[in-house]
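Below: the structure, in structure tokens.
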Amino acid sequence: MPTGDPPRPDKREKRNPALSKIVERNIRTIIQLRLKASREQSFEDRIAGAVTSLSGSLVFVCLHLAWFFVWILLNSGRFRVHPFDPFPYGLLAMVVSLEAVLLSTLVLITQKRLSDQVERQANLDLHIGLLAEHELTRVLRMLHAIQEKLGIETPAADELADLEMETKPEDVLAEIARLHRSAIRDELRAANSR
């Protein structure tokens with residue numbers, strides 16, 4: 001299937017009558033994009049993801065508890081095994097420390113990959129939002145022109161004029177930053193005046 005074509009439903013799959021064809025197409029597109037991203041992962045990312053997934057499970061905790069229990073029992077001297085790591089279990093502590101270093105590194109690798117995915121998704125969401133806002137602004141302008149041509153009066157002309165204004169992301173971000181700084185200053189003043 002070419003990458004530009006939307007995924008086609010499998011003929012064996014039944015359509016969900018509760019969803020429109022567009023929604024089903026979008027769901028299939030999202031699934032295809034996720035599968036493609038999964039296939040394009042490097043070998044290192046797959047390993048890091050698998051280890052992170054396992055280490056974040058209850059099975060991992062249970063295996064470690066069993067391992068520690070057996071290690072301590074074997075090194076207690078109660079069985080006919082010469083203790084290879086007597087109390088305070090320095091070798092066990094070193095192995096667990098090395099494991100912690102490796103696991104935390106693998107978790108960081110996985111977190112970076114997930115962060116990159118979230119950033120790509122946020123960029124896509126921003127692009128779609130800006131495109132939708134631009135399209136809605138144009139529709140409002142056309143609707144306003146139609147109303148004027150037909151002589152239909154609008155009681156909230158100021159509000160309509162505001163909605164017809166082009167929204168520039170850099171202006172919105174600057175205003176958010178300004179209001180955020182202002183709120184922090186007000187909070188600091190209130191804290192200092194107590």
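What the table below lists for this structure:
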| read-out | value |
| --- | --- |
| Leading residue by the ranking (modelled with the highest pLDDT) among those in the range 139-157 that are under 30 Å from ASP125 (Cβ atoms) and open to solvent by 100 Å² or more (accessible area, probe 1.4 Å) | MET142 |
| Residue ID - farthest from the chain's Cα centre (by Cα), chosen from residues in the range 75-100 that are open to solvent by 60 Å² or more (accessible area, probe 1.4 Å) and within 29 Å of GLY56 (Cβ to Cβ) | PRO88 |
| Enumeration of residues in the range 126-138 that are among the hydrophobic types (A, V, I, L, M, F, W, C) and open to solvent by less than 80 Å² (accessible area, probe 1.4 Å) | LEU130, ALA132 |
| Residues of the range 163-194 that turn out to be part of a helix (DSSP H, G or I) and closer than 30 Å to ASP125 by Cα, as a count | 18 |
| Pairs where the first residue, in the range 55-68, is among the polar types (S, T, N, Q) and the second is in a helix (DSSP H, G or I), C-beta under 9 Å, 6+ apart | SER55/LEU103; SER55/LEU106; SER55/VAL107 |
| Qualifying residue in the range 43-52 (condition: over 13 Å from ILE109 (Cβ atoms) and either part of a helix (DSSP H, G or I) or of a type in the set (Ser, Thr, Tyr) (or both)) | no |
| Residue list for the range 26-42, restricted to those being surrounded by 13 or more Cβ atoms within 10 Å (Cβ to Cβ) and either in contact with a strand residue (DSSP E or B) (Cβ under 9 Å, 6 or more places away or on another chain) or assigned to a loop (DSSP other than H, G, I, E, B) (or both) | GLN41 |
| Matching entry among LEU65, LEU103 (being at pLDDT 90 or above, open to solvent by 50 Å² or more (accessible area, probe 1.4 Å) and part of a helix (DSSP H, G or I)) | LEU65 |
| Leading residue by the ranking (most open to solvent (accessible area, probe 1.4 Å)) among those in the range 158-194 that are acidic (Asp, Glu) and under 30 Å from the mean Cα position of the chain (by Cα) | GLU170 |
| Residue within the range 110-125 that is of a type outside the set (Ser, Thr, Tyr), assigned to a loop (DSSP other than H, G, I, E, B), out of contact with any helix residue (DSSP H, G or I) (no Cβ under 8 Å at 6 or more places or on another chain) and open to solvent by less than 100 Å² (accessible area, probe 1.4 Å) present | no |
| Which listed residue is at pLDDT below 85 and part of a helix (DSSP H, G or I), from LEU160, LEU91 | LEU160 |
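The values are calculated or read from the model by the stated rules, or taken from the named source; none is laboratory data. If you're wondering where the values come from, they're calculated on a predicted model, not measured in any experiment. Positions of Cβ are backbone-derived with ideal geometry, glycine not excepted, and every protein chain shown enters the neighbour counts. Keep in mind that these areas ignore ligands, DNA and RNA; they rest on the heavy atoms of the full protein, side chains included. Shrake-Rupley method; radii C 1.70, N 1.55, O 1.52, S 1.80 Å.
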